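Contents: one structure, followed by commentary.
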Amino acid sequence: MNFRTLKHGWTLLVTSALVASCNSDGPTDGDFDSTILRMRVHLLQSDFSPLNTTLTENEVRTIITGVNDIWQQAGVSWEIESIVSDDALNAAVYESILLRDLPATGPRIASILPTASISEGRWDVFYLMDLGGIAGGVYLAPLTSVVVAELDPNGQRDLMGSVARILAHELGHSLGLQHVPCAPAGNLMAPGCQAGDRTRLTSGQIDVALSQAATGRPTVFSEVSAFN
């Protein structure tokens, strides 16, 4: 079954986090004292291939290098605390999501995660092989965890490009940023845009992100998840 054929026609939940200012001014020059945030990266393993990531530890570090290239404009640096392999759960539920037999909801996506492996109050990133085009990634706010794929929604494995940008976007949600509309200048938090600088943050967004980063914890908001 080619799950990539199922990427059209989905209606996904886009949630409201803290309102991020989208000022007309450009991003700041990134001249900040570096704020270091640590994450645990989980490599999901499964007999069901879309859940089974093939990323190596070196490839994970390559992705995080790309993420840091984006977030350096805000003076934020992400460091890997550990990389662990975890067995994915509920493969049958995930298959039903990809087949559109079940809607993609936060709780259903969360059901594939080994929650006992989540580090309380810190950033957890779970990698699987393929989200089947249903989304680029998802921030599961109640679990303060990001779920992303090694293949982007177009089926490409561009670790320093689209794959890093998707993770950088999801980490933006974890720092209190919400989606903004597409605009000619482009923005990291504008999903699905084809033009402009897709890694850009405004000074207002940087202020929001730094405020949350200063707490040393991901943001938790009332909705279940942020699909992108």
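Residue check: is residue 161 small (Gly, Ala, Ser), surrounded by fewer than 21 Cβ atoms within 10 Å (Cβ to Cβ) and within 13 Å of residue 40 (Cβ to Cβ)? Full working, then the answer.
Working: small (Gly, Ala, Ser): yes; surrounded by fewer than 21 Cβ atoms within 10 Å (Cβ to Cβ): yes; within 13 Å of residue 40 (Cβ to Cβ): no.
For residue 161, the condition - small (Gly, Ala, Ser), surrounded by fewer than 21 Cβ atoms within 10 Å (Cβ to Cβ) and within 13 Å of residue 40 (Cβ to Cβ) - is not met.
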I'd like the residue in the range 130-158 that is without any contact (Cβ under 8 Å) to a residue 40 or more places away in the chain and of a type outside the set (A, V, I, L, M, F, W, C) and, out of all such residues, is surrounded by the most Cβ atoms within 10 Å (Cβ to Cβ).
145
Please work out which residue is surrounded by the most Cβ atoms within 10 Å (Cβ to Cβ), limiting yourself to the range 211-227 and to residues that are more than 12 Å from residue 173 (Cβ to Cβ), of a type in the set (S, T, N, Q) and modelled with pLDDT of 90 or more.
211
If you go through the range 124-140 one residue at a time, how many are in a loop (DSSP other than H, G, I, E, B), out of contact with any helix residue (DSSP H, G or I) (no Cβ under 6 Å at 6 or more places or on another chain) and modelled with pLDDT of 95 or more?
1
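So for the range 115-123 (the condition being on the phi > 0 side of the Ramachandran plot and modelled with pLDDT of 95 or more), does at least one residue qualify?
Our first condition is that a residue be on the phi > 0 side of the Ramachandran plot; within the range 115-123, this holds for 121.
Filter again for modelled with pLDDT of 95 or more, leaving none.
Looking through the range 115-123, none of the residues is on the phi > 0 side of the Ramachandran plot and modelled with pLDDT of 95 or more.
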Among the residues of the range 142-181, which ones are outside any helix (DSSP H, G or I) and among the β-branched types (Val, Ile, Thr)?
144, 146, 147, 148, 180
Pick from 16, 21: which is farther than 18 Å from residue 148 by Cβ, more than 19 Å from the chain's Cα centre (by Cα) and modelled with pLDDT under 95?
21
Of the residues in the range 39-81, those that are surrounded by fewer than 17 Cβ atoms within 10 Å (Cβ to Cβ) and either free of Cβ contacts under 8 Å to residues at least 40 places away in the same chain or of a type in the set (Val, Ile, Thr) (or both) number 9
For the range 82-113, which residues satisfy the criterion of being within 30 Å of residue 68 (Cβ to Cβ), acidic (Asp, Glu) and surrounded by 15 or more Cβ atoms within 10 Å (Cβ to Cβ)?
86
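The values are calculated or read from the model by the stated rules, or taken from the named source; none is laboratory data. Quantities reported herein were computed from a predicted structural model and do not represent experimental measurements. Cβ: placed from backbone, ideal geometry, glycine included. Neighbour counts: every protein chain shown.
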